[in-house]
Amino acid sequence: MKLIDSHCHLDSEQFDADREAVIERALAAGVEHIVAIGTGDGPPDLEAGVRLADHYAPLYATIGVHPHDASKATDDTYRRLAALAAHPKVVAIGETGLDYHYDHSPRNVQRDVFVQQMLIARDVRKPIVIHTREAWADTIALLTEHWAPSKLGGIIHCFSEGPREAEQALAIGFHISFGGIVTFPKAVGVQEAARITPTNRLLIETDAPYLAPIPNRGKRNEPAFVVETARKLAQLRGAEPDEIARVTGDNFRRLCLGMS
Ligand SMILES: [Zn+2]
Ligand SMILES: [Zn+2]
């Protein structure tokens with residue numbers, strides 16, 4: 001089984017003591033690639049993912065400003081993101097989007113910084129990784145207006161909505177990435193979304209160190225645990241875990257590496 005963890009915060013200080021071992025365990029568990037999300041502690045540091053991808057061959061990276069940090073973005077941030085976007089190991093821009101649960105940045109600022117990153121991604125012709133929480137209607141509206149016409153696609157990461165919302169994201173060309181939440185017994189809407197997502201739009205992730213899947217729920221998450229999420233997706237979809245690994249790998253390579 002060869003899996004791709006399409007979303008991991010490997011730069012987190014929670015991995016400072018054993019990052020090398022975490023990567024080794026992932027490779028031993030069958031994880032072929034890990035996408036190191038580059039939002040880090042926010043601007044001015046934009047290279048949290050790139051630094052790791054430069055150092056570890058199996059890693060890819062993203063660059064972007066998380067909605068939590070939107071109020072830290074400046075014109076200089078956008079200039080540097082545009083320059084970094086061409087880095088060969090940068091496979092997407094993000095995670096960007098809207099988070100109205102925490103409201104760490106004002107909502108109008110979150111929306112503006114979200115749109116600015118869509119423009120950068122469009123210019124470099126790379127997909128976007130979307131974080132959305134309690135902001136679904138605004139997220140879909142902005143994506144429909146500013147992103148869908150590019151036809152570049154993207155990823156709704158750590159999908160936490162239901163089947164209706166999944167249909168809306170699929171209709172504007174998005175892939176849907178499932179993480180540990182899909183293994184939680186009460187996440188019936190997310191599980192239904194996982195059943196109806198077409199095979200060619202399915203992705204898998206950990207969002208480590210957050211949201212570890214059962215049976216490690218509540219512990220620090222790590223990329224090796226993506227195997228548990230693959231098992232759950234297989235069960236929900238009446239498939240074998242190997243097949244989930246194969247299709248999510250193919251989808252990742254097509255969307256993020258431009259391989260057909
Ligand atoms: Zn997120
Ligand atoms: Zn994340």
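The values are calculated or read from the model by the stated rules, or taken from the named source; none is laboratory data. Fair warning: this is a prediction, and the values are worked out from it, not measured in the lab. Counting neighbours? That spans all protein chains shown, and the Cβs are built from the backbone with ideal geometry, glycine included. Accessible surface is based on the protein model in full, side chains and every heavy atom, while ligands, DNA and RNA are left aside. Shrake-Rupley method; radii C 1.70, N 1.55, O 1.52, S 1.80 Å.
When region 112-159 is filtered for residues that are under 18 Å from the mean Cα position of the chain (by Cα) and among the acidic types (Asp, Glu), only Glu134 remains. Under the condition of being within 16 Å of ligand 1 (Cβ to nearest atom) and surrounded by fewer than 22 Cβ atoms within 10 Å (Cβ to Cβ), the residues counted in region 198-210 number 2. State whether one or more residues within region 176-183 are away from ligand 1 (no atom under 13 Å from the Cβ), polar (S, T, N, Q) and open to solvent by less than 20 Å² (accessible area, probe 1.4 Å). Yes.
When you scan region 1-30, how many residues do you find that are more than 16 Å from the chain's Cα centre (by Cα) and either touching a residue at least 12 places away in the same chain (Cβ under 8 Å) or closer than 18 Å to Tyr210 by Cβ (or both)? Number satisfying all stated conditions: 17. The conditions of being within 28 Å of Glu134 (Cβ to Cβ), surrounded by 23 or more Cβ atoms within 10 Å (Cβ to Cβ) and under 16 Å from the mean Cα position of the chain (by Cα) are met by Ala36. The condition (being out of contact with any Lys or Arg (no Cβ under 8 Å at 6 or more places or on another chain), buried (at least 16 other Cβ atoms within 10 Å of the Cβ), over 20 Å from Ser12 (Cα atoms) and in contact (Cβ under 8 Å) with a residue 40 or more places away in the chain) is satisfied by just one residue among Glu228, Glu165: Glu228.
Screening Asp41, Asp5 for residues that are among the charged types (D, E, K, R) and open to solvent by 20 Å² or more (accessible area, probe 1.4 Å) leaves exactly one candidate, Asp41.
Condition check ((1) closer than 19 Å to Thr39 by Cα; (2) within 16 Å of ligand 2 (Cβ to nearest atom)) across all residues:
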| residue | (1), (2) |
| --- | --- |
| Gln116 | yes, no |
| Thr132 | yes, yes |
| Leu143 | no, no |
| Gly153 | no, no |
| Glu165 | no, no |
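The condition of being farther than 19 Å from Ala92 by Cβ and away from ligand 2 (no atom under 16 Å from the Cβ) holds for only one of Asp54, Asp41, Asp76, that being Asp76. Among the residues of region 52-96, which ones are surrounded by fewer than 24 Cβ atoms within 10 Å (Cβ to Cβ) and within 16 Å of ligand 1 (Cβ to nearest atom)? If the condition is that a residue be surrounded by fewer than 24 Cβ atoms within 10 Å (Cβ to Cβ) and within 16 Å of ligand 1 (Cβ to nearest atom), then His68, Asp69 are the ones that fit. Taken over region 99-114, the residue count meeting the criterion of being more than 20 Å from Asp45 (Cα to Cα) and either outside any loop (DSSP other than H, G, I, E, B) or at pLDDT below 95 (or both) is 4.
Every condition in (1) open to solvent by less than 40 Å² (accessible area, probe 1.4 Å); (2) farther than 25 Å from Val247 by Cα; (3) over 15 Å from the mean Cα position of the chain (by Cα) holds for Val109 except the one numbered (1). Kindly establish whether Val31 is open to solvent by less than 20 Å² (accessible area, probe 1.4 Å) and either at pLDDT below 95 or within 16 Å of ligand 1 (Cβ to nearest atom) (or both). So Val31 fails the test.
Across region 158-166, a minimum of one residue is classified as modelled with pLDDT of 95 or more, of a type in the set (Asp, Glu) and in a loop (DSSP other than H, G, I, E, B).
For region 112-125, filtering for residues that are open to solvent by 10 Å² or more (accessible area, probe 1.4 Å) and under 14 Å from Cys256 (Cα atoms) leaves 3.
Considering the conditions (1) closer than 28 Å to Asp18 by Cα; (2) without any contact (Cβ under 8 Å) to a residue 60 or more places away in the chain, His157 is excluded by exactly one of them, (2). Please work out if Asn216 is surrounded by fewer than 24 Cβ atoms within 10 Å (Cβ to Cβ) and under 18 Å from Cys256 (Cβ atoms). The answer is no for Asn216.
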